[in-house]
Every structure is written in structure tokens, then in C-alpha cells.
1. Exactly one condition in (1) surrounded by fewer than 14 Cβ atoms within 10 Å (Cβ to Cβ); (2) free of Cβ contacts under 8 Å to residues at least 60 places away in the same chain is false for residue 14; which is it?
2. Being loosely packed, with under 13 Cβ neighbours inside 10 Å, at pLDDT 95 or above and more than 20 Å from residue 8 (Cβ to Cβ) is the requirement here; does residue 56 meet it?
3. So which residues in region 87-102 are surrounded by 11 or more Cβ atoms within 10 Å (Cβ to Cβ) and over 14 Å from the mean Cα position of the chain (by Cα), if there are any at all?
Ligand SMILES: [Zn+2]
């Protein structure tokens, strides 16, 4: 058993499936897999699951300093206003360098195109 960074179970049957190419079935699953990708430094996956209209050229995860230590994820809400759009509200906990733990609360928007959920953008509060 190799615990998935998103905290939902075994990595191979959780986010690992989406990281290896299967389309995530829901926006919540995609959001969890993106959190896990940040933990694992899977920058290519993060860019591939980002809608082209808002996707940055790169995230610079490999050279980021100080690197965050990700402490956990809680999904608070997942709704589908339409079958191909979704809103996922979550709290991620992390620590930057030697600092104290912080909460990142974000309400993210997703769309599904060609059967694949994509991250569009989010409001951090
Ligand atoms: Zn997972």
C-alpha cells in the first residue's frame, strides 16, 4: 500500500491512474490528482490538465524555492452547474520552508472537453 498524497487511498488505484493517462471521471478526481501532482512534482501533468485559455507556460516546480511541504487536502464542495462544468472548493494545507502550516482555500472552476476534465482557474480566499 502506497498512500496517495491526496489522502483518498492507495496511489495506484487513486490519482496514479489519472497520472498515467486515464481521464479522471469527475472534476473532483481531477482536482485531487492535481493536488497529488503538486506533491509529486508532476509539472507536465499539471500543465496538461490546465485549460489552454489560462495555462501558464511553466510552473517552475523543479526550481521553486523554498519548496512547499504539502500536508493534506480536504475537498469541501463539488457541484456540476452543467454536465461539462464543475466547481470544486477545497482546502490544502502546506508549509513553506520552515514556516508554520498555512491553509490555502480555493474555489476552482473546471470544464470538460473531449471527455477530459480541465482546470480553468480559481479564487483563493
Ligand atoms: Zn489520490
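1. Answer for residue 14: the failing condition is (1).
2. Numbers: loosely packed, with under 13 Cβ neighbours inside 10 Å: yes; at pLDDT 95 or above: yes; more than 20 Å from residue 8 (Cβ to Cβ): yes.
Yes: the conditions hold for residue 56.
3. First pass over region 87-102, keeping only residues surrounded by 11 or more Cβ atoms within 10 Å (Cβ to Cβ): 87-96, 99, 101-102.
Matches in region 87-102: 95, 96, 99, 101, 102.
Rundown of residues vs (1) exposed (fewer than 15 other Cβ atoms within 10 Å of the Cβ); (2) over 15 Å from residue 50 (Cα atoms); (3) out of contact with any strand residue (DSSP E or B) (no Cβ under 9 Å at 6 or more places or on another chain), yes/no style:
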{"position": "82", "(1), (2), (3)": "yes, yes, yes"}
{"position": "85", "(1), (2), (3)": "no, no, no"}
{"position": "106", "(1), (2), (3)": "no, yes, no"}
{"position": "111", "(1), (2), (3)": "no, no, no"}
{"position": "117", "(1), (2), (3)": "no, no, no"}
{"position": "124", "(1), (2), (3)": "yes, yes, no"}
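The values are calculated or read from the model by the stated rules, or taken from the named source; none is laboratory data. Keep in mind that what you see is a predicted model, and the values were worked out from it rather than measured. Note that each Cβ is placed from the backbone with ideal geometry, even for glycine, and that neighbours are counted across all protein chains shown.
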